[in-house]
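Below: the structure, in structure tokens.
Every number here is computed from the coordinates shown, using simple stated rules; none is lab data. This structure is a prediction, so every number in the text was calculated from the model and none was measured. FYI the Cβ positions are ideal-geometry reconstructions off the backbone, even for glycines, and counts take in every protein chain you see.
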Amino acid sequence: MTLPLKTLSERCFAEIQQGNPDTLITGAADIVDARENQVTVLSSPKYTKYLKDSKASACFISDKFSTDDAPEGMILLICKDPEISFLNAVKALYPVKNITASISQKSDIAENVLLGKAVHVGAFSSIEENSEIGDGSKIFNHVQVGSNVKIGKNCQIYPQVVIYDNTQIGDNVVIHSGTVIGADGFGYKYRDNQHIKVPHVGNVVIHDHVEIGANSCIDRGALGSTVIGMGSKIDNLVQLGHNNKVGRNVIICGQSGISGSCVIEDGAVLAGSAGVADHVTIGQQAVVMARSGVSQDVKPKTQVFGFPAKERKTAWRELAALPKLPDLLKQFKILKTRVDDLEK
């Protein structure tokens, strides 16, 4: 979409410092790749060195940053939070495709399903008995919704998603393609040289404003619920085991795996490929760094790293010491030989 700079600045709560407010903006790009008629952003002083060579027609910038390096002709958009203003500009310039709500004749919807206003159900999707879809929600093609499922208002369920029976989903939830919600947890008891399956008769509860990436799996509880708190964001390719309790505004990055019955408290972050053993608690605003393996509780507002995960600084000191071990071992052998000679 093409927008006059004046319109764009108003939508993004920015003030035009100089230049023609009628300049047409056709797109957005980063400060290095931006071209004429595009808008960019200076999000940090460390990127100021790229400003002078930028070809962008306009740039979101904080009033706390120096503008001395801005090229002549670049229109500066002064704002409190350049990153958020820029994101709003991207949304305005690249609007989401508008889908007219309709119920496809190729969908399969049970007779006692309750559909709200302006609900969209795509082709080859099915919704089983006693389920409910809230106002404005979109169920795209090839989605399977089980029985007794409740999906709130303004949700987006993308193609190839499977939602098992009894799942409860709040408002404004986004679930991307290929994700499975509510499958059996991985629970077995070993008896008489065989694995006896533990029945999983619980469900999954997903609160408002949660987003779940593509090809992730969230298992239902064995007896109770697996819970995802409001505002939490789960990346692609994440495994979340049965009976986990994920708090509010938690971030779980791609390829992370959380075993059963864990507690991830509000604001915690699990970076890429993090692994968490069962019955572990990750404290509020704690950070589990990438490729770390957590086998014990993590205290609130701490950062852990490594396998097994330790306090970040401790783990880094140990890593820094590893390359020195061969030389230290040689020195130890020499000293041991000298001590042995002295003892003789």
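Within the set T2, T40, the sole residue that is surrounded by fewer than 20 Cβ atoms within 10 Å (Cβ to Cβ) and within 30 Å of Q156 (Cα to Cα) turns out to be T2. Scanning region 28-70 for residues that are among the hydroxyl-bearing types (S, T, Y) and assigned to a loop (DSSP other than H, G, I, E, B), which turns out nearest to the chain's Cα centre (by Cα)? Among those residues, the one meeting the criterion is S43.
Against the list (1) more than 30 Å from G152 (Cβ to Cβ); (2) assigned to a loop (DSSP other than H, G, I, E, B); (3) among the polar types (S, T, N, Q); (4) within 25 Å of the chain's Cα centre (by Cα), the condition N98 fails is (1).
Here F124 meets each of (1) assigned to a helix (DSSP H, G or I); (2) on the phi > 0 side of the Ramachandran plot with one exception, condition (1). If you filter region 159-195 down to residues that are touching a residue at least 40 places away in the same chain (Cβ under 8 Å) and of a type in the set (F, W, Y), you find that the one that is nearest to H207 (Cα to Cα) is Y164.
Consider only pairs whose beta carbons are under 9 Å apart and that are at least six residues apart or on different chains; among these, list those whose first residue lies in region 316-343 and is under 30 Å from V304 (Cα atoms) and whose second residue is basic (K, R). Note: pairs meeting the criteria are E318/K310.
Checking the structure you have, find out if any residue of region 295-318 is at positive phi and assigned to a loop (DSSP other than H, G, I, E, B). Spell out the reasoning first.
Taking region 295-318 and keeping what is at positive phi, we get 301, 306.
Of the ones still in play, those that are also assigned to a loop (DSSP other than H, G, I, E, B) are 301, 306.
The answer is yes; a qualifying residue exists.
Just a yes or no: is a residue in region 195-204 surrounded by fewer than 20 Cβ atoms within 10 Å (Cβ to Cβ), touching a Cys at 6+ places or on another chain (Cβ under 7 Å) and of a type in the set (A, V, I, L, M)? No.
Listed here are the residues, each with its yes/no results for (1) part of a strand (DSSP E or B); (2) at negative phi; (3) in contact with a Leu (Cβ under 6 Å, 6 or more places away or on another chain).
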position: V227; (1), (2), (3): yes, yes, no
position: N243; (1), (2), (3): no, no, no
position: S273; (1), (2), (3): no, no, no
position: Q284; (1), (2), (3): no, yes, no
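Assess whether G202 counts as being without any contact (Cβ under 8 Å) to a residue 60 or more places away in the chain, farther than 19 Å from G272 by Cα and within 24 Å of the chain's Cα centre (by Cα). No; evaluated as a whole, the condition is false for this residue. Here I251 clears all of (1) aliphatic (A, V, I, L, M); (2) under 10 Å from the mean Cα position of the chain (by Cα); (3) at positive phi except the condition numbered (3).
Anything in region 174-194 that is within 17 Å of I99 (Cβ to Cβ) and in contact with a strand residue (DSSP E or B) (Cβ under 9 Å, 6 or more places away or on another chain)? List them, or say none. Before the answer, list the steps.
Applying the first criterion (within 17 Å of I99 (Cβ to Cβ)) to region 174-194 yields 174-177.
V174, I175, H176 - these are the residues of region 174-194 that are within 17 Å of I99 (Cβ to Cβ) and in contact with a strand residue (DSSP E or B) (Cβ under 9 Å, 6 or more places away or on another chain).
Note on region 188-212: residues that are under 19 Å from V145 (Cβ atoms), not in a loop (DSSP other than H, G, I, E, B) and not hydrophobic (A, V, I, L, M, F, W, C) amount to 2.
Residues G241, G185: which one is closer than 19 Å to V276 by Cβ, buried (at least 17 other Cβ atoms within 10 Å of the Cβ) and touching a Cys at 6+ places or on another chain (Cβ under 8 Å)? Outline the logic, then answer.
Values: G185 fails: touching a Cys at 6+ places or on another chain (Cβ under 8 Å).
The unique qualifying residue is G241.
In region 77-99, the residue that is nearest to Q18 (Cα to Cα) out of those that are of a type outside the set (S, T, Y) and surrounded by 21 or more Cβ atoms within 10 Å (Cβ to Cβ) is L77. The set of residues in region 21-40 being among the acidic types (D, E) and in contact with a strand residue (DSSP E or B) (Cβ under 9 Å, 6 or more places away or on another chain) consists of D22, D30, D33.
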